[in-house]
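Accompanying notes for the structure given below.
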Amino acid sequence: FAPDGKTLYYSAERNGSWDIMKATIARKEEPYFYASTVIKEEPLIATEKEEFQPKVSPDGKEIAYLEERNTLKICKSKL
């Protein structure tokens, strides 16, 4: 989860490739994931390479992840 608790980052296989995904609550009147009826999912990092195990920095400004299971990458968060 992002530090605000309203964004979830995870890796998922889509179209034959593992990518880093971002899920957010779609309706403002539903402030918590556990009670949300609509969740928006979108790719955050989607390349021809495999991306796994996202970890958000404590301040939420960067995301570390593994590329091809052996390279550590860091990118700026798009919160």
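Quick note: the coordinates plus some simple rules give every number you see, no bench work behind them. Remember, it's a predicted structure, so these values are computed and weren't measured experimentally. When we count neighbours, we look across all protein chains shown, and the Cβ atoms used for this are built from the backbone with ideal geometry, even at glycine.
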Among E42, E13, the single one that is loosely packed, with under 11 Cβ neighbours inside 10 Å, touching a strand residue (DSSP E or B) at 6+ places or on another chain (Cβ under 7 Å) and without any contact (Cβ under 8 Å) to a residue 24 or more places away in the chain is E42
Inside the range 19-33, the number of residues satisfying the requirement of being part of a strand (DSSP E or B) and surrounded by fewer than 18 Cβ atoms within 10 Å (Cβ to Cβ) is 1
*Inspect all residues belonging to the range 29-52 and state whether any of them is on the phi > 0 side of the Ramachandran plot and among the small types (G, A, S).*
no
Requested in this report: For the range 57-68, indicate whether the set of residues that are more than 18 Å from G5 (Cα to Cα) and in contact (Cβ under 8 Å) with a residue 40 or more places away in the chain is non-empty.
Outcome: yes
